[in-house]
Amino acid sequence: MATAMKIISPLMRNAIAFSSKVCILAKQTHFKINIVANPLRVVTCAFHTSTSQRGLMEFFEEKNMWGEDKIKCGRPWRIDELRLKSSEDLHKLWYVLLKERNMLMTMEHEYVRECELFPSPERMEKVEHSMENLLEVIKERDEAYNMLEHPQTKPEGRVVRNALGIKYFRKCREQAVPMHVNKTYRLLHPPYEKWKGKYLSLYYEKRRLEKRKAAKRELRNRRKLQEKYPHLTEDDLDAAFDNKIQ
Amino acid sequence: MAARSVASRLPLWKRRAPRYPVYWPGNPQTRVLLPQFWMKLVKPKKEVPPDRVHFIVHPEMSKFDIKQYLEKIYKVPVLNVKVSVRPGEDLKHPRGYEIWREDDFKMAFVQLGEDCTFEFPDIFTVELQNLRNRWRTTRSLL
């Protein structure tokens, strides 16, 4: 059956290859995938993986992969590709990725136990990367859906004082009992007293100075880098210091 | 830009699972559509009956979670699950006095139902090793 197979994300290959007949033909457009269960009969559906009957052996890699030095794998799913998929497809893909991650963790544990080198450990990162992207897409959709029903999508929060009187932002979450009945909450958030203010102002000043010092230090380092490597753009510098995380 | 934030944060499997919403009687049952739990199958240290399987699981998983996970995702019948939290191993530097401890982990001991059996496969059998060595030598010759 040497059909011209082109696997859309070779990461999926391990997850899919256990049934020998199933192969995926990917076209130019990512969202149109034809699954060929039998090469003679072409089924056109959005996305489909056959249910495997391997049971607990799904925690292990395929037998022909055991003891190999290197296992080929492709790139992770990009967020733009996942945005094109329907939620149902994403739901199916999530379980494929979940099983793949479980398999990798099991195999890595076994390799470490046997004092062997685990082949291509970057697969784990790739799976996690695609999972992260998938979660992000789901989050976007969830927010958009909620926006239709309620004007406010994210839960509100408020600024409260802890036992030392230090202010912090506390997210509102669903609780089983109200605040004044909750013993641990009352212990951790006693009423504010005026004498704490003296120490608080000192504490806030210290924190402020630390922040300023850190900012200055970063600016200095940035200038140094810019002098050494003048071709660097601002984005590169941001990435180097990793201070702008979206 | 998910790519950059992935590197800076903890890996997904080390993070806490999202909170399950509080259930009020009378409300419709809430369903988990994207479970973020992981399980890894490990080899038992001693000999066990053929229907027992040992796992290391996400530390927030409960017995019921483990049962549902195996039955719904892997389609494996489960009779009984026992869970225990084990402390990580104490490690010491061979020369110095630094002592540290590995992370604690949760073990799950699962008994399979419906006369299912499972035997932990030998990944590094002698035959495979021989085959691999032969393959290595041939590749080096090429």
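Readers should treat all values here as calculations from the given coordinates under stated rules, not as data from a laboratory. From a predicted model like this one, the values you see are computed outputs, not experimental measurements. Here the Cβ is made from the backbone with ideal geometry for all residues, glycine too, and neighbour counts use every protein chain on show.
Go ahead and estimate [θ] at 222 nm for chain B from helices alone: -39,500 (n - 2.57) per DSSP H run with n ≥ 4, summed, over the residue count, rounded to 500.
Details: 3 runs with 33 residues, N = 142.
Calculated from helices alone, the mean residue ellipticity at 222 nm is -7000 deg cm²/dmol.
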- line: Restricting to Cα pairs under 8 Å and 6 or more apart, the percent relative contact order of chain B works out to 21
Residue A:72 versus residue B:52: modelled label distance in nm, points set 7 Å from Cα along the beta carbon direction: 4.3
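When Rg is the radius of gyration of the Cα atoms in region B:34-141 and Rh is its Kirkwood radius, what does Rg/Rh come to? Could you put the intermediate results ahead of the total?
Working: Rg = 18.9 Å, Rh = 16.9 Å.
Dividing the radius of gyration by the Kirkwood radius yields 1.12.
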task: Read phi for every residue in region A:228-236 and hand back ³J(HN,Hα) as whole Hz from Karplus 6.51 cos²θ - 1.76 cosθ + 1.60, θ = phi - 60°, with x for Gly and Pro.
output: 5, 10, x, 7, 6, 8, 5, 5, 4
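Go ahead and run the numbers for FRET between residue A:122 and residue B:99, Cβ-Cβ distance against an R0 of 45 Å, rounding to 0.05.
On the way: r = 32 Å, r/R0 = 0.71.
Calculated transfer efficiency: 0.90.
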query: In a shell of Cβ-Cβ distance under 12 Å around residue B:82, excluding residue B:82 itself, what net charge do Lys and Arg (+1) and Asp and Glu (-1) give?
result: +4
statement: Spelling it out for residue A:77: with amide H atoms placed in the peptide plane at 1.01 Å from N, the residues 5 or more places away or on another chain with amide H under 5 Å from its amide H are A:130
message: Once each part is reduced to its C-alpha centroid, what is the distance from region A:176-246 to region B:25-50 in angstrom?
response: 38
